[in-house]
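**Student:** Got a structure for you, written out below as structure tokens; questions coming shortly.
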Amino acid sequence: TNPGFVVRITQAGLDYAHQQGIAVLEKELAQLKLPDISGDFRIRHVGKVRYEISRLDLRSFHLPYSRISLVPNVGLQVSISNAFAEVDGNWRVKIHFIRDHGSFDLKVENIYIKINLKLGSDASGKPTIDTSDCSTRISNVRVHFSGKFGWLYNLFHSAIESRFRKILESKVCENVVSSVRSELQPYLRTLPVTARIDAVAGIDYSLVAPPTTTAQSLDVDLKGEFFSLAHRSAVPFPPLALAFPPDHDRMVYFGVSSYFFNTAGFAYHGAGALVFEITDSLIPKGIDIHLNTSTFSAFIPQLEKMYPDMLMKLRLSASSAPFLNIGPGGLSLKPVVDIQAYAILPNSSLAPLFLLSLVSNVSAVIDVKSGHIVGSLKVGRMKLSLKHSDVGTFQVRTLQSIMNIFASSILLPRLNARLDQGFPLPLPDRIQLSNILVRFHQ
């Protein structure tokens, strides 16, 4: 399925995420629990040597050099080099009748770690991540024992260093796998696959395919489809292929296709939410026009005879879901709106007066604020035509100016107030966007 919404994370974005992840991994590795070590070995002319290493305390684990790489069509690779760690502990040794004990400190240097991360998606459309491979290599382990018998320590320190190397190499990868599953995977699952917008609609942000890696970016294809909360029905038009521009300068890009916006129109229209009623009480102060039959009788003389001095109501409804186009010049749409006029009778019932069709060129301005896509509409020239009249024939063009006033002073501010609340972008927890630039493409 083609996506309606694409998220592209570039190398710069991955580098930033990698800084945060390495800081977490460094803390996790510093809490490694190392097992006690014991054993014995036989030394020629000396005999059997028994040793115990206990109360191992990993004082620190530092990852000074690391990088993240994109592996095309596979996933991500994290490489860590020149890492080092420090360990304290107690030792005890026995040779025949000789016994000694004390403390030691151990320095582990030139630790190299390579981690391969595989990206995917689950049945609910959430992203998944797992460790496909991990390897650790330690070049240098140096142990320093405190105690009386220096010659004794030299007999077994190489055996201790070898054991430490094997244990640490195993434990580091165990911890990496555990951290990816306990820290990184739950964090990725905070990406919302559905976002409730209001009482009418939500957005489906589920992945339509596993994330893909190229030499320059990580791309995530999302459904990007609005749906009615009351009743979800199939969208009657497919998402077209989204030609994502080959930009890689910024950390993250969001590609939003016309499908995303047009499913919004479809969902709100299907839910009956694209209906607006204008009454006299909604006319802002300062506009010396009233919505009543006395005002309209200047254009429609029959009104004063049939419904003298009565308040009116205009009911505006989209005859079909508005269809939006995106091009290099921006966003535009050409909605067709039915305007049904009523007289409000003394008993509060409504008497139909006339039905107009309004066609207008509308341009949209899009921005991003606080993780939301926000917008505003600007109405161009409007064209009115008469579809039906219950008060005889009249010149529709004479109503043009008064309808312009109602649209610009009442309808448009209400629409733009809603659009200013915006629609949430698919962002994991604790992510904030800055230095935002909006561009339009065909």
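**Student:** Residue by residue through region 108-124, what is 3J(HN,Hα) from phi via Karplus (6.51 cos²θ - 1.76 cosθ + 1.60, θ = phi - 60°)? Round to whole Hz and write x for glycine and proline.
**Tutor:** For region 108-124, the Karplus curve yields 10, 10, 6, 8, 10, 10, 10, 10, 9, 10, 9, 9, x, 8, 9, 5, 8 Hz.
**Student:** What is the extension gain from Glu161 to Ala195, computed as 0.36 nm multiplied by their sequence separation minus the C-alpha to C-alpha distance, in nm to one decimal?
**Tutor:** That works out to 6.8 nm of additional length.
**Student:** Continuing with this model, one more query. Assuming R0 = 35 Å, can you tell me the calculated FRET efficiency for the pair His62 and Arg92, based on Cβ-Cβ distance, to the nearest 0.05?
**Tutor:** Efficiency, from the Cβ-Cβ distance: 0.75.
**Student:** Cut-off 16 Å, label point 7 angstrom out along Cα-to-Cβ of Ser38: give me the residues of region 79-95 whose amide nitrogen falls inside.
**Tutor:** So the set is 90-95.
**Student:** Would you compute, from DSSP H runs of 4+ residues alone, the mean residue ellipticity of the chain at 222 nm, taking -39500 (n - 2.57) per run and dividing by the full residue count, rounded to the nearest 500?
**Tutor:** -6500 deg cm²/dmol
**Student:** Just to verify a number: FRET efficiency for Asn435 and Val177, C-beta to C-beta distance, R0 = 22 Å, to 0.05?
**Tutor:** 0.05
**Student:** In whole percent, and with a 1.4 Å probe on the protein chains, what portion of the accessible area of region 194-424 is carbon and sulfur?
**Tutor:** Answer for region 194-424 is 57 percent, counting heavy atoms of protein chains only.
**Student:** Taking 0.36 nm per residue of sequence separation and subtracting the Cα-Cα distance, how much length would be gained by fully extending the chain between Ala23 and Ser124, in nm to one decimal?
**Tutor:** The Ala23-Ser124 span can extend by a further 33.4 nm.
**Student:** Taking a ≥ b ≥ c as the square roots of the eigenvalues of the Cα gyration tensor of region 194-424, is the shape rounded (a/c under 1.5), prolate (a/b larger than b/c) or oblate?
**Tutor:** Cα axes put region 194-424 in the prolate bin.
**Student:** Report the Cα-based extents of region 1-125 along its three principal axes, largest first, to the nearest Å.
**Tutor:** Dimensions of region 1-125 along the principal axes of its Cα atoms: 79, 27, 26 Å.
**Student:** Counting heavy atoms of the protein chains only and a 1.4 Å probe, report the per residue accessible area for region 1-99 as a whole number of Å².
**Tutor:** Accessible area per residue, region 1-99: 56 Å².
**Student:** Another question, then. Using a Förster radius of 22 Å, what is the FRET efficiency between Arg397 and Thr279 based on their Cβ-Cβ separation? Nearest 0.05, please.
**Tutor:** 0.35
**Student:** A follow-up question, please. Amide H to amide H, which residues 5 or more places from Ala201 or on other chains are under 5 Å from it, using H placed in the peptide plane?
**Tutor:** Leu229
**Student:** Can you tell me the orientation of helix 412-421 relative to the chain, as the angle in degrees between its alpha-carbon axis and the longest Cα principal axis, to the nearest 10?
**Tutor:** Helix 412-421 sits at roughly 10 degrees to that axis.
**Student:** With N set to the residue count of region 224-347, report its C-alpha Rg divided by 2.2 N^0.38 Å to two decimal places.
**Tutor:** Region 224-347 yields a ratio of 1.55.
**Student:** So if each residue of separation counts as 0.36 nm, and I subtract the Cα-Cα distance between Ser363 and Asp133, what length gain in nm does that give?
**Tutor:** The Ser363-Asp133 span can extend by a further 77.7 nm.
**Student:** Given H placed on each backbone N at 1.01 Å, which residues far from Leu433 in sequence or on other chains put an amide H within less than 5 Å of it?
**Tutor:** Gly371
**Student:** Say a paramagnetic label sat at a point 7 Å from the Cα of Gln31, along Cα to Cβ; which residues of region 96-136 have their backbone N under 20 Å from it?
**Tutor:** 131
**Student:** Something else about it: Take the alpha carbon gyration tensor of the chain, find the square roots of its eigenvalues, order them as a ≥ b ≥ c, and report rounded if a/c is under 1.5; if not, report prolate when a/b exceeds b/c, else oblate.
**Tutor:** In terms of gyration-tensor shape, prolate.
**Student:** A follow-up question, please. For a bin width of 10 Å, list the pair-distance distribution of region 119-234 built from all Cα-Cα distances, rounded to whole %.
**Tutor:** 11, 24, 20, 15, 11, 9, 6, 3, 0
**Student:** Rounded to whole Hz and in sequence order, give me ³J(HN,Hα) for region 198-207 from the Karplus expression 6.51 cos²θ - 1.76 cosθ + 1.60, θ = phi - 60°, writing x for Gly and Pro.
**Tutor:** Values per residue, Gly and Pro as x: 7, 6, 9, 9, x, 10, 8, 10, 5, 6 Hz.
**Student:** Pop out the ³J(HN,Hα) list for region 324-340 in order, Karplus 6.51 cos²θ - 1.76 cosθ + 1.60 with θ = phi - 60°, rounded to Hz; leave Gly and Pro as x.
**Tutor:** For region 324-340, the Karplus curve yields 9, 10, 10, x, x, x, x, 10, 8, 8, 10, x, 10, 10, 8, 10, 9 Hz.
The values are calculated or read from the model by the stated rules, or taken from the named source; none is laboratory data. Values in this document were obtained by computation on a predicted structure and should not be read as measured data. Reconstructed Cβ throughout: ideal geometry from the backbone, glycine too, with neighbour counts over all protein chains shown. SASA here: full protein model, heavy atoms, side chains in, ligands and nucleic acids out. Shrake-Rupley method; radii C 1.70, N 1.55, O 1.52, S 1.80 Å.
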